[in-house]
Structures are given as C-alpha cells and as structure tokens.
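K.L.:
Once you've had a glance at the structure underneath, I'll fire off some questions.
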Amino acid sequence: MGSGTWSTNAYETRVKQQQAKGQDVFAYNQGAKGAHPMLDPHGLEVRESRDGGEHPNSNAIIVGLDVSGSMGRVVRAIHKDLPQLFRLLMGHKYIPDPQIMFAAFSNGRCDQVPLQVGQFESDNRMDVNLENMVMGAPLASGCDPQESSELMLYTAARHTSIDCWEKRHRKGYLFLITDEPAYTQVKQAEINQIIGPRLHEDISLEQMISETSERYHIYVIVPATTSNGQCAPAALEFWKSYVGPEHVIELHNPDDISETMALTIGLTEQAIQLAEGLHHLEADGADRNTLNALSASLAATAGQSIKGTGFGLNDLNTGDEKRPRRL
C-alpha cells in the first residue's frame, strides 16, 4: 500500500460535503457493533509500506490510538489537523514520503472492538480509515483500567513489512497515544481470538517493546485527562519505566496532537531543531500558549536528541543552528 498523494483540497471537499449533508465524519462510529471491514484485524497477515515511483523513499508511520472513553477527542483532533500534519511533514521536509497507518486499540480483555488496523497510506485513504474507527465505547463491567497498547506493539512487530527498514535500515515510527498503562503481557488467547491462531505462548511487554524498537522509533504520547491540563501520572510513570523518559511525551492540550507528532519526527530525523519547528507553527498561526505548551511537552525528547553535545533546550529556543543527535 502507499500509492497516491495526500491532498488538502480532497480533504476539505470531503469534510464540506459531509457537513452539507448534516453528517458526522465519524458516522460509522454511530451504532457500530464491530470493526469496519477495512480495519478488522481478524485474519490479518501483514500491512505493507512500500517504495514506488511516486514515493521512492517511503517512511512508515503508525499512529496507534487508544479509543476508549474520552480519548475519542484525540481521534477527532488528529482528523481536524491532518492538513497541519502534512504541511509540517511535507511542506517543511521533516521526512520524505511518509506513509501513515492509523490503528486503534482499547481493552483486549473485555472490549467488543479491542483492535482496529488500517493500511499504510500516502493519500486521502488514510482519512477514511480514521473516520471508520469505532471509538469511545464505555468500559465493560468489571473491566480493568489498563488499555491494550501491547496489541499495537504486537501488530507493529509481527504484522508489518516496511521498506524504509528492509531496504535502508531506516526506522519507521510508532506513536502510542494513550492515558493508561498497558498490560505486561501479550496474551496468546487474545491474539488467537482477535487476529487468528498465531501464538503458542504469552509474550512479555519487555520483549514486545524490544522487537518493535528494532524497526520503529517508539514514542508514547499521554494526553491530558483533567480540566487543568494534567496528564495521568500512573500512565506517565509506567511508560517512562518501559521506554525511557525521552520517549514519553506529556500532551497538555489534546488538540496539539498532530503538531506534537510532526515535531517529534522532525527532531528525530535531525530535520529541525525545536525552535525551528515552533517557528513553523508560529508562521502558520499558532498562538503563544500553544507554542509554550509544545515546547514544554517536547523538552525531554529534544533534550535526548542533543544529549552529549553540550547543547541544551534553552539553546534550541534561541535558534542556535546546531543539529540534534539522531535517537
């Protein structure tokens, strides 16, 4: 997958047409009893990100969304800001030929739709995958507070094939967007029920992260869950202990999710320093509160990307021309 080119005009036309009809762009979510056929993981073999004539240097990006409860707001924020995401990634050349897979997870132990997996896309088909997600289902009775991010890690590690790594040893990206800890094991019984008979034993979360990180840069984004913009402390500490503080991002305003992902990619690719990314957003109309929040959110990530150079976050914000070290 991954042919075609993403178009702002196509995106805006589609949104306007749905608004004119009085339809929610997430209409499938209303009354859905199961995953959309395009996103149903049952029988999943492999999702592919491939080079082609239009995209000779493809780069795989997985956006794994926790769609439980109030997290539906984040899904809508990403959809609203797709034009911004592509202006940053492509317009400012943060990364060549991005191919984005939108996927979703909830609770694999008790939710009706615990996993949804799109395709890697370069064009507006990714919009449709996002719009077809089932989200915001209430927790089932007796359900644990965790969400099954481990299912997303398993899918990335065992069910994707990406040319950026296989041809160029260039890692893809996996963003896990969640306000809950994961379960500490990928359960054989869950995978066999959700995807099909694949496993003969459980897999530890540590092993799953290790496998995934061989081919993907993993970042966990924890959105604010309170009215004063505080992120869930249990989720933050859990993920920092598993992937490291520099790979855990506190998102104080869920509406900034696309900007956060784009700047994180730009920093990791050494395409920008943090100040440059903030200037790009400022030129695009971002207000000072947004810029300050993003600067705070990305401090650890930007600091890690320049570790060992003697170049700190304050220098990034002054526009110093030194480049961050690749993660």
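What follows is calculated from the coordinates using simple rules that are stated; it is not laboratory data. Given the structure is predicted, the values throughout are model-derived calculations rather than measurements. Cβ: placed from backbone, ideal geometry, glycine included. Neighbour counts: every protein chain shown.
K.L.:
Pick out, from PRO254, GLY52, GLY118, the residue whose Cα sits farthest towards the positive end of the charge dipole of the stretch 8-272, with +1 on the Cβ of Lys and Arg and -1 on the Cβ of Asp and Glu.
P.N.:
Selected residue: GLY52.
K.L.:
By a straight-distance test (C-alpha under 15 Å), which aspartates and glutamates pair with LYS93 as possible cross-link partners, with residues fewer than eight away in the same chain excluded?
P.N.:
Excluding near neighbours in sequence, the set is GLU259, GLU269, GLU276.
K.L.:
Which residue, GLY53, GLY303, GLY108, tops the fluctuation ranking in a GNM of the chain built on C-alpha contacts under 10 Å?
P.N.:
Among GLY53, GLY303, GLY108, the largest mean-square fluctuation in the Gaussian network model of the chain belongs to GLY53.
K.L.:
In the chain, if the dipole is taken from +1 on Lys/Arg beta carbons and -1 on Asp/Glu beta carbons about the Cα centre, which of ILE194, PRO233, MET71 is farthest to the positive end?
P.N.:
Positive-most Cα among the choices belongs to ILE194.
K.L.:
Taking only DSSP H segments of four or more residues, each worth -39500 (n - 2.57), what value at 222 nm results for the chain once the sum is divided by all its residues, to the nearest 500 deg cm²/dmol?
P.N.:
Rounded to the nearest 500, it is -10000 deg cm²/dmol.
K.L.:
Is there a quick way to get the dipole size of the chain? I mean about its Cα centre, with the Cβ of Lys and Arg at +1 and of Asp and Glu at -1; what is the value in debye to the nearest 20?
P.N.:
Values: 28 positive and 42 negative charges, 76 e Å.
Dipole size: approximately 360 debye.
K.L.:
Filter LYS80/LYS167; LYS80/LYS240; LYS33/LYS171; LYS21/LYS80; LYS80/LYS187 down to the pairs with a C-alpha to C-alpha distance above 27 Å, please.
P.N.:
Result: LYS80/LYS167; LYS80/LYS240; LYS33/LYS171; LYS80/LYS187 exceed 27 Å.
K.L.:
Hey, in the GNM for the chain with a 10 angstrom Cα cutoff, which one of LEU199, LEU294, LEU274 fluctuates hardest?
P.N.:
Between LEU199, LEU294, LEU274, it is LEU199 that shows the largest mean-square fluctuation.
K.L.:
Between LYS80, LYS187, LYS21, find the one with the highest GNM mean-square fluctuation for the chain; connect C-alpha pairs within less than 10 Å.
P.N.:
Looking only at LYS80, LYS187, LYS21, the biggest GNM fluctuation is shown by LYS21.
K.L.:
While we're on this one: Using unit Cβ charges (K, R positive; D, E negative) and no other charged atoms, how large, in debye to the nearest 20, is the dipole of the stretch 1-140 about its Cα centre?
P.N.:
420 debye
K.L.:
With unit charges on the beta carbon (Lys/Arg positive, Asp/Glu negative), name the residue among ILE221, PRO145, LEU274 whose Cα is farthest towards the positive pole of the charge dipole of the chain.
P.N.:
Among ILE221, PRO145, LEU274, the one farthest towards the positive end of the dipole of the chain is LEU274.
K.L.:
Answer with a single label: of (i) 0.94; (ii) 1.01; (iii) 1.22, which was calculated as Cα Rg over 2.2 N^0.38 Å from the structure in view?
P.N.:
Checking each listed value against the structure points to (i).
K.L.:
Please figure out what share of the DSSP beta bridges in the stretch 8-272 is antiparallel and state it in percent, rounded to the nearest 5.
P.N.:
20 percent
K.L.:
Okay, next question. Let's test the formula: R0 of 41 Å, r as the Cβ-Cβ distance of GLN270 and GLU45. What FRET efficiency results, to the nearest 0.05?
P.N.:
0.75
K.L.:
Along Cα→Cβ, 7 Å out, is where each label goes; now give me the distance between the ones at CYS110 and GLN19 in nm to one decimal.
P.N.:
4.0 nm
K.L.:
Please check the chain for the longest run free of GluC sites (Glu not before Pro) that are loop-located per DSSP (anything but H, G, I, E, B) and have at most 14 other Cβ atoms within 10 Å.
P.N.:
Longest gap between qualifying sites, sites excluded: 55-200.
K.L.:
Cysteines of the chain lacking any other cysteine beta carbon under 4.7 Å?
P.N.:
Taking the Cβ cut-off of 4.7 Å, the unpaired cysteines of the chain are CYS164, CYS231.
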